[in-house]
1. Mind checking the alpha-carbon convex hull of the stretch A:7-121 and giving the volume per residue in Å³?
2. Which of B:Leu92, B:Leu213 has the fewest other C-beta atoms within 10 Å, and how do the rest follow up to the most?
3. Give me A:Ile33, A:Ile53, A:Ile217 ranked fewest to most by other Cβ atoms within 10 Å of their Cβ, as a rough exposure proxy.
4. Considering only C-alpha atoms, what is the centroid distance from the stretch A:79-93 to the stretch A:19-50, in Å?
5. What does the extension gain come out to for B:Asn133 and B:Ala205, with contour length at 0.36 nm per residue minus their alpha carbon separation?
6. Just subtract the alpha-carbon distance of A:Asn99 and A:Thr115 from 0.36 nm times their residue separation and send over the number in nm, one decimal.
7. Please compute the Kirkwood hydrodynamic radius over the stretch A:41-216, one decimal place, Å, based on all pairs of different Cα atoms.
8. For each of A:Met52, B:Met51, B:Met31, count neighbouring Cβ atoms within 10 Å of the residue's Cβ, then give the residues from fewest to most.
Amino acid sequence: MPSSEIRVGPPGQALADGETLVARADRTGALVIQQAHARSTETTSRGNVFSMILTATTGGIAAGQLVAAAAAASTQFALFNPATSKYNLVMMRFGYAANSGTPAAGALIHGQFFTVPTLAASGTIRNNRPNGRQSVAVGYTSAAGAALTGGSAPQTLMAAGFSYTATAQGATTTSPTLEQVEGAIVLPPGTGWAPLHLGAGTTVLSSYSVTWEEIPI
Amino acid sequence: MATVELVTGAGGNYPDGSDQTPIADSTGAMMVSPAGTRFAEAVLRGNVFSMMLTATSAGWGNFHIETTSIAAANVQFCLYNPLFSKYNLSLLRFVYGSQSGTAGATIICHGGFRQAVAPTLAATTTIKNNLPNGRPSVATGFISAAGTVFTGNTTGATFVAPTSFASEPFTVGDAPAIPRQSCLEMVDGGVVLPPGTGWVPFFMAGQSGAGWLATLSITWEEVPIPLPLGKGFTI
């Protein structure tokens with residue numbers, strides 16, 4: 001079987017377009033690369049990236065968005081992968097902002113579900129490439145919260161990328177926050193995800209956003 | 001031997017299924033386009049795990065603090081890779097979310113220790129696979145909100161020189177004065193635990209704050225160690 005050969009070091013001068021060359025290696029023999037496009041361009045342009053947002057809640061943190069929430073509790077923002085979807089959902093980005101009120105102290109938590117609710121979808125899922133295909137996922141958004149009928153109790157997986165102290169959110173503290181999940185959370189068919197808070201705090205109004213890639217199984 | 005040949009330039013608009021020569025930039029570097037997200041492959045193969053402590057309830061125990069007397073010290077959040085696990089643990093994400101109290105006057109560090117004999121303290125937490133219904137972890141996790149004695153820490157937990165964080169999440173000052181924080185460090189393999197070693201969030205002496213309560217979370221990939229045929233395993 002023929003083996004491949006690459007050449008250590010850059011060329012002596014910058015190369016013009018159209019020149020052919022042997023692939024470049026570093027001094028350890030690793031292939032030297034450069035990103036051709038933005039990180040998510042390939043999968044987004046193929047229509048496999050989707051987003052769902054809830055611009056603002058109108059009630060405090062619902063019971064279903066709390067650590068140790070009961071099954072079918074009132075939920076404002078959650079994402080599920082139906083058992084028959086034939087896709088894995090790979091989480092790319094998660095956004096959260098406490099717009100007003102006083103949050104409970106501590107980090108937000110990524111929660112997992114191991115079953116899919118029977119409640120009809122209420123969230124609008126958009127393809128990050130306009131006019132792209134429909135998502136296979138089921139999303140739930142409710143400003144005031146709605147019972148997650150047929151849902152199970154969420155379990156905690158890991159902390160999210162931002163945290164609060166029990167401090168009233170003022171005009172200087174309301175900038176949205178973004179976590180690059182980068183595929184660290186995957187939802188196989190029959191599972192789901194929701195952000196969970198350590199406590200309801202006092203009259204916390206929130207914005208949520210999640211972006212994911214759908215990969216055929 | 002066949003060479004891997006590239007052509008410089010921006011490439012074209014090729015149809016699916018066509019064969020093309022890979023492109024290079026003007027320095028000869030191969031141009032690439034990521035197929036997907038950074039961690040998806042490892043997660044989909046069931047090799048990524050997490051453990052977390054939603055809230056500490058006391059200031060930091062001395063297993064987390066630089067000291068000359070560390071044996072059997074109090075531990076609150078610690079990850080250990082057993083000697084015969086046959087895996088390296090590559091840390092991916094670390095979250096430290098301040099809740100209340102007074103923060104230390106400087107940064108938090110990654111603390112590492114060697115311990116060939118596993119601690120006798122039983123695991124105190126459930127480690128979750130980031131792929132639901134995935135395999136169990138080979139690692140051992142210890143969490144305790146108030147701290148518990150790290151029994152069996154017979155070697156005295158020789159700490160390696162900690163690597164300091166350069167990220168902004170861990171701001172100095174009283175925690176209540178920080179209403180909102182970005183608290184995630186993408187370690188991205190910058191810390192690896194071979195078998196017989198462990199990791200803790202670590203503070204230099206006098207820098208652990210006062211009653212500094214926090215949420216903690218650590219996520220890692222378990223990477224199999226290739227063993228030569230017929231060879232035993234040593235560290």
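Quick note: the coordinates plus some simple rules give every number you see, no bench work behind them. Computed from a predicted model, the values in this text were never measured in an experiment. Quick reminder, even Gly has a Cβ in these numbers, built from the backbone with ideal geometry, and neighbours come from all protein chains shown.
1. In the stretch A:7-121, the Cα convex hull volume per residue is 257 Å³.
2. The fewest-first ordering by Cβ neighbours comes to B:Leu213, B:Leu92.
3. So the residues, fewest neighbours to most, are A:Ile217, A:Ile33, A:Ile53.
4. The stretch A:79-93 and the stretch A:19-50 have Cα centres separated by 26 Å.
5. 21.8 nm
6. 2.7 nm
7. Answer for the stretch A:41-216: a Kirkwood hydrodynamic radius of 16.0 Å.
8. B:Met31, A:Met52, B:Met51
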